[in-house]
Amino acid sequence: MKLLMRKYQETPDYQRIRDFLQETYLLNDRREVNWNLNRWEYWQWHVNENVFHFNLSAAVFIWENEDGKIVAVLNPEGSGEAFLQIHPDYKTRELEIEMISIAETQFASTQPDGTQELTIWANEYDYERQDLFSRRGYVKQASSEYQRHRDMSHPIPEMRLPEGYTMKTVDAEKDLPARSWVSWKAFHADEPDEKYEGWDWYKNVQRAPLYRSELDLVAIAPNGDYAAFVTIWYDEGTQTATLDPVGTHPDHQRKGLSKALIAEGLRRVKKLGATLCTVGSFSERAGALYASMGFTKYELSEPWMKKW
């Protein structure tokens, strides 16, 4: 069947890509062979809006069948990265070759010595794509993402905050400076405070259609400072929740704050109807945290890099 490739157009494609990701996520038995909708929203409204600023009309490519149905999407995540999202009924070697070729011309990053680099991700069990990567000169890298998940029918651990700490949901406006600050400190512990650029970026996160302030949880230290946080995204269409991000201020780590927030978040999304919760991790420490909260099952999303 002949497929038509074109670039993203916001008005007709914004909702259609959301529908495509929901459909293929369910067809793939809620395995993250493609992104789920939660990840797409976090990428679009935070990663892209606040960090990379891709022009989506130039950076997102769409393939449609003869009936005009979206069957594949090619998009970056960061600089020099590409993701292939393909409907399982249309996954062919020819289509993947076409998508990879476009990614190489559109998304490769230029290095200081003038060479080009591109990383494309593949599920650990997608042996056909891995073979294709090898034949095209890609080499598998070590920094795989653990795509963890837990069945929400399993018991949620009872976790309590340490004495003196409290928990609350984020107020959309009042808590913006403090919520932004603790997030920056959690992920930039080694950087000087002078590099902090304020909280305007969090307004974009809150603009995402799936964002719910009642699922944006923070732990408050005895002195009133924000000590830890977890934001949960919930897609009713697939009954899937996703933790992203989870973090703790360096001064308040190893006290069980993240576990208590995750446990409360799991209880809240279960009441909303979630039957599955997912979270991505890279480090051994993060993996141990999530495993202790029931995220013991996972698949790997593996990065393959080509240099030329």
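A few remarks follow.
- At R0 = 30 Å, FRET efficiency that the Cβ-Cβ distance of residue 201 and residue 110 yields, to 0.05: 0.70
- CD proxy at 222 nm, helix term only [per DSSP H run n ≥ 4: -39500 (n - 2.57); per residue of the chain; nearest 500]: -9500 deg cm²/dmol
- In terms of packing, defined here as the mean over residues of other Cβ atoms within 10 angstrom, the peptides 178-184, 244-250, 65-71 line up highest first as 178-184, 244-250, 65-71.
- Environment charge at residue 74 (Cβ cut-off 14 Å; Lys +1, Arg +1, Asp -1, Glu -1): -3
- Each label was represented as a point 7 Å from its Cα along the Cα-to-Cβ direction; for residue 47 and residue 97 these points are 2.8 nm apart.
- Model label points for residue 79 and residue 254, set 7 angstrom from Cα along the Cα-to-Cβ axis, are 3.5 nm apart.
- Taking the inverse of the mean 1/r over every pair of distinct Cα atoms in segment 22-136 gives a Kirkwood hydrodynamic radius of 15.0 Å.
- Look at where the Cα atoms of segment 231-308 and of segment 41-117 average out, and the two centres are 25 Å apart.
- Gyration tensor verdict on segment 154-274 (Cα atoms; rounded if a/c is under 1.5, prolate if a/b is larger than b/c, oblate otherwise): oblate
- At full extension, residue 11 and residue 193 could sit 61.5 nm farther apart than now, given 0.36 nm per residue minus the alpha carbon distance.
- Label zone at residue 134, where the point sits 7 Å out along the Cα-to-Cβ direction: segment 268-308 residues whose backbone N lies under 15 Å: 304-305
- Taking every DSSP beta bridge that has both ends in the chain, the antiparallel portion is near 90%.
- Whole-percent pair-distance distribution, where bins are 10 Å wide, for the alpha carbons of segment 110-225: 9, 23, 26, 25, 15, 3
- Inter-label distance, residue 223 to residue 284: 3.2 nm, where each label sits 7 Å from its Cα along the C-beta direction.
Quick note: the coordinates plus some simple rules give every number you see, no bench work behind them. This one's a predicted model, so the numbers in the text were calculated from it and none came from an experiment. A quick note on method: Cβ atoms are made from the backbone with ideal geometry, for glycine too, and the neighbour counts reach across all protein chains shown.
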